[in-house]
Amino acid sequence: MFIIKKITAFETYTVRQEVLRKGKPIETCYFNGDNDSTTTHFGLFEDENIIGVVSVYKTNSLLFTDEIQYQIRGMAVLENFQNKGYGEQLLKAAEKFCWEEKANLIWFNAREKAVSFYSKLKYKIVGNSFDIPDVGIHFVMFKRN
Ligand SMILES: CC(C)(COP(=O)(O)OP(=O)(O)OC[C@H]1O[C@@H](n2cnc3c(N)ncnc32)[C@H](O)[C@@H]1OP(=O)(O)O)[C@@H](O)C(=O)NCCC(=O)NCCS
């Protein structure tokens, strides 16, 4: 049994570090806007243990002209718990929140390895791949409501 609930930015950092910034200092897990009033963080818990996190920012991308845009960042499921459907549940919770906030569009920078995961959930790629130093090749992906 698992639950997904809203959490603080601080609570995301251990999972972000383990999954997204392995071996790097905790400061590399602090993202711009983490503590903005328009930012929301979700955690997936099994019993009392945090297994996965995702964060949602009210940020527009210049690639799109849609009025209300939300960016998803910091999507991470602990390695031992991947491929069990938890990532999908977290992404769906983040999406539901964005649509309830009247978002016209959700976008994010997706790691090359995660593109197939997002494609199954009906996100599309826009533009060419680009490199984020120390993290790797990414694509911008999006979905409209
Ligand atoms: C990407 C990530 C968030 C996905 O989370 P997850 O919990 O593994 O995702 P899911 O289990 O919902 O789906 C992952 C895959 O397992 C498959 N799957 C889902 N439920 C499953 C189940 N019950 N049994 C077996 N496989 C399953 C899905 O079809 C999916 O396949 P795909 O990779 O070919 O798309 C996670 O793997 C992760 O944290 N990766 C490292 C960090 C990262 O890349 N983050 C994204 C940055 S953009």
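The values are calculated or read from the model by the stated rules, or taken from the named source; none is laboratory data. In this text the structure is predicted, and so the values were computed from the model without any measurement. Cβ placement follows ideal geometry from the backbone for every residue including glycine, while neighbour counts extend to all protein chains displayed.
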Check your understanding: Of all residues in the range 98-119, which are aromatic (Phe, Trp, Tyr), more than 7 Å from the ligand (Cβ to nearest atom) and crowded, with 17+ Cβ neighbours inside 10 Å?
Key -> 107, 118
Revision key, fill the gap. Listed by range, strands (runs of 3 or more DSSP E) wholly within the range 1-112 having at least 3 residues that are closer than 19 Å to residue 124 by Cβ and modelled with pLDDT under 95 are none
Review point. Which one is farthest from the ligand (Cβ to nearest atom), of the residues in the range 72-87 that are surrounded by fewer than 20 Cβ atoms within 10 Å (Cβ to Cβ) and closer than 22 Å to residue 29 by Cα?
Key: 80
Review point. Going by the structure shown, is residue 79 charged (D, E, K, R), closer than 26 Å to residue 10 by Cβ and in contact (Cβ under 8 Å) with a residue 12 or more places away in the chain?
Key: yes
Practice item. Hey, can you tell me all the residues within the range 1-28 that are closer than 13 Å to residue 74 by Cβ and touching a residue at least 40 places away in the same chain (Cβ under 8 Å)? Key: 7, 9, 11, 12, 15, 16, 18, 19, 20
Practice item. Looking only at the range 119-145, count how many residues are among the β-branched types (Val, Ile, Thr) and not in a strand (DSSP E or B). Key: 1
